[in-house]
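The values are calculated or read from the model by the stated rules, or taken from the named source; none is laboratory data. Quick caveat, the model's predicted, so the values are computed rather than measured. Note: ideal-geometry Cβ built from the backbone for every residue, glycine included; neighbour counts use all protein chains shown. Just the protein is used for accessible areas: all its heavy atoms, side chains included, with ligands, DNA and RNA removed. Shrake-Rupley method; radii C 1.70, N 1.55, O 1.52, S 1.80 Å.
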Amino acid sequence: MATTNLDPRRLIELEDRFGARNYHPLDVVLTRGEGCWVWDVDGNRYLDCLAAYSAVNQGHNHPRIVRALVEQARRLALTSRAFRNDQLGPFCQEVADLTGFDRVLPMNTGAEAVETAIKAARKWGYEVKGVAPDQAEIIAFSNNFHGRTVTVISFSTEDEYKAGFGPLTPGFKVVPYGDAAAVESAITPNTVAVVMEPVQGEGGIIIPPAGTLRRIRELCDEHHVLLILDEIQSGLGRTGKMFAFEHEGVRPDGMTLGKALSGGLYPVSVFVATDELMGVFRPGQHGSTYGGNPLGAAVAREAIRVLVEEKLVENSAAMGERLGAGLRALSSPAIREIRQIGLWVGLQLVPEAGGARRYCEELQKEGLLCKETHVDTIRVAPPLVVGPDEIDWALERITRVFERLG
Ligand SMILES: *Cc1c(COP(=O)(O)O)cnc(C)c1O
């Protein structure tokens, strides 16, 4: 394996010395990726069990998506929305077809898509539902993660995300996740939307009780409230369905997508919605310089085709079953609970286990890159291109680490 001659300690020092200290990464310095594997600067190979928080569901550097990126970059990358480009129309049509929604509003990062959803819901509240000016309320859930802008952190329940960043944006009510009765109590005539992750990713792969989403959909219908789902991490195959809401057979009024929408090659997000909801935006009222650019649109179009044509959603369901079964066979007193849906696993440890971080560090030595979420949960979420041999390989090593650490 060819290696660079860069000293990883030096690279870590540079990052720590000159970078802002807003992350606490594992000390592994990666330089190359292919499929579900990544290599560090010393040439060590690892199975990527995080998949960039599901942004690389299609695997690292998927050759088809790389080709789409390079070809489009050679032709035309950015026009701004002041002019039209030949990728945006087909991109919107293909996302509408994939999601079953009428209209698509492209942005770049996930947080921007969520901001867009919030703006749309509020404006819908005033123009369609008839809520008095500036009185719109949005219901969100405890333990949520929807991004890092000031408005989005305003309805976070994580002190770390909010402390010191006030004044925060008003207009949000937060109820316990998975609690439909609490949603019902929180609804007022001013409620315009419920914003929800169908499965909480950063929250620790939290799967609400069966029927919760269906019940919340009913409540929204009864009270003329929008249901907006944030499928930025749960969508595009991660849960073994194209969208997590399919597990409950409901449809939201609007949805945010990001991360795997571009297969990890370029930030592309969207807010998709019904005609009625998206209709609130008129020229000049919302936008983004890079949103809907031809480079991002071409990359996302190919990333979607790869997901569908390579049957990655089906593979996610099958490999998730295999991984889940293997993990449930672990009989370690350190494990408190295993939560799994599709190729998405949260392995929660007992408090006495001393935190998930040291397990992640030990897994790294075995050639698996995992990242703890919160203090005590190990997330296992490899790219959806992973095969049975790689799952078995991972299970062997996870078993070894649990035998070693108890
Ligand atoms: C990652 C994530 C976001 C934010 O996406 P960014 O691209 O980091 O802004 C929003 N919602 C959910 C559910 C996410 O997992």
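Across region 155-301, C-alpha contacts under 8 Å between residues 6 or more apart give a mean separation that, scaled by the residue count, equals a relative contact order of 16 percent.
When restricted to Cα atoms, region 100-211 yields an Rg and a Dmax of 14.2, 40 Å, respectively.
Residues of region 20-62 falling in the label zone of D7, defined by backbone nitrogen less than 15 Å from a point 7 Å along Cα to beta-carbon, are 42.
Across region 290-406, C-alpha contacts under 8 Å between residues 6 or more apart give a mean separation that, scaled by the residue count, equals a relative contact order of 25 percent. For region 63-309, a simple Cβ point-charge model (Lys and Arg +1, Asp and Glu -1, everything else neutral) yields a dipole of about 800 debye relative to the Cα centre.
Approximating the spin labels as points 7 Å out from Cα along Cα→Cβ, the E160-to-E246 distance works out to 3.3 nm.
Just to confirm the filter: which trypsin sites (Lys or Arg not before Pro) across region 111-188 are DSSP coil and have at most 15 other Cβ within 10 angstrom of their Cβ? The qualifying sites are R148. The charge dipole of region 120-232, taken about its Cα centre with unit charges on the Cβ atoms of Lys, Arg (+1), Asp and Glu (-1) only, comes to about 200 debye. Each Cα pair under 8 Å and six or more residues apart adds its sequence gap; the mean of these over the residue count of the chain is a relative contact order of 22 percent.
Using just the C-alpha positions of the chain as equal point scatterers, what log10 of I(q)/I(0) does the Debye formula give at each q in 0.06, 0.09, 0.11 1/Å? So the normalised log intensities work out to -0.24, -0.56, -0.84.
Overall, the accessible surface of the chain at a probe of 1.4 angstrom is composed of carbon and sulfur to the extent of 51 percent. For H286, neighbours were defined as the other residues whose beta-carbon sits under 15 Å from its Cβ, and their charges (Lys and Arg +1, Asp and Glu -1) total +3.
Counting only aspartates and glutamates at least 8 places from K129 when in the same chain, those with an alpha carbon closer than 16 Å to its own are E137, D221, E222, D253, D275, E276. Length available on full extension from N22 to R64: 0.36 nm per residue minus the Cα-Cα distance, which gives 11.8 nm. If the segment from V150 to D42 were pulled out straight at 0.36 nm per residue, it would be longer than the present Cα-Cα gap by 35.0 nm.
Take the Cβ atoms of A181 and D221, set R0 to 22 Å, and the FRET efficiency comes out at 0.85. The label-point distance for K365 and R282, in a model that sets each label 7 Å from Cα toward Cβ, rounds to 6.5 nm.
Distance from the alpha carbon centroid of region 347-394 to that of region 187-207 works out to 26 angstrom. Measuring only protein heavy atoms, the 1.4 Å probe finds D86 accessible over about 100 Å². Site pair R305 and A82 shows an inter-label distance of 3.1 nm when each label is modelled 7 Å from Cα along Cα→Cβ. Heavy atoms of the protein chains alone define the surface here; on that basis region 91-197 has 41 Å² accessible area per residue at 1.4 Å probe size. Of all lysines in the structure, those lying under 25 Å Cα to Cα from K259, and not within fewer than 8 positions of it along the same chain, are K119, K162, K241, K311, K371. When the alpha-carbon atoms of region 264-406 are used, the pair Rg, Dmax equals 19.9, 61 angstrom. Ranking H60, V299, A181 by how far each Cα lies toward the positive end of the dipole of the chain (charges on Cβ) leaves V299 at the top.
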